[in-house]
Amino acid sequence: MALAVILASASTAAKGDGASDRFDADAVAKALEDPGSHQPAALPPAALGILRQKIAACWMPPPGKGVSGFAVSFELTPDGELASKPFVDEKIGTTKEQHLLEASGVRAILRCAPYKELVGAAPYETWKFVTINFTR
């Protein structure tokens, strides 16, 4: 099992329309495809390790064979609470086993919340929007 954390800066992952700042998965995907198009704030290695270890400890993938990867994204509030429901943004397939695996990643994010360890460990802009890549 492996986890990779992708962080997007608030300026690239939210649409600031004045009425609300909503998570924009397309903006995150575009930023990740073209790394030169933005300068995301970097999460310090210690804070990255905290996030990775915490979620890995909460992840209980269903039994199964093979290596499968998928990504779960979510937004956090300044106090480390979930601001949005985690969602799978890179589905790995349509079989029941694949859906169960993806659901296990979403449950891990929910189970581990809140992420108060990040408060004070790094500036909020560095961990406001998070994408976790799960690999089994």
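Laboratory data are not the source of any read-out in this text; all were calculated from the coordinates shown. These figures come from a predicted structure and were not determined experimentally. Positions of Cβ are generated from backbone atoms using ideal geometry, with glycine treated the same way; all protein chains shown enter the neighbour counts.
Okay, here's what the table says:
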| quantity | calculated |
| --- | --- |
| Subset of region 65-107 [surrounded by 13 or more Cβ atoms within 10 Å (Cβ to Cβ), more than 30 Å from Tyr124 (Cβ to Cβ) and touching a residue at least 40 places away in the same chain (Cβ under 8 Å)] | Ser68, Leu101 |
| Test: residue in region 42-50 that is in contact with a helix residue (DSSP H, G or I) (Cβ under 7 Å, 6 or more places away or on another chain), among the small types (Gly, Ala, Ser), assigned to a helix (DSSP H, G or I) and crowded, with 20+ Cβ neighbours inside 10 Å | yes |
| Region 100-136, residues that are closer than 20 Å to Ala47 by Cα, assigned to a helix (DSSP H, G or I) and hydroxyl-bearing (Ser, Thr, Tyr) | Tyr124, Thr126 |
| Residue that is nearest to the chain's Cα centre (by Cα) [pool: residues in region 55-82 that are in a loop (DSSP other than H, G, I, E, B) and polar (S, T, N, Q)] | Thr77 |
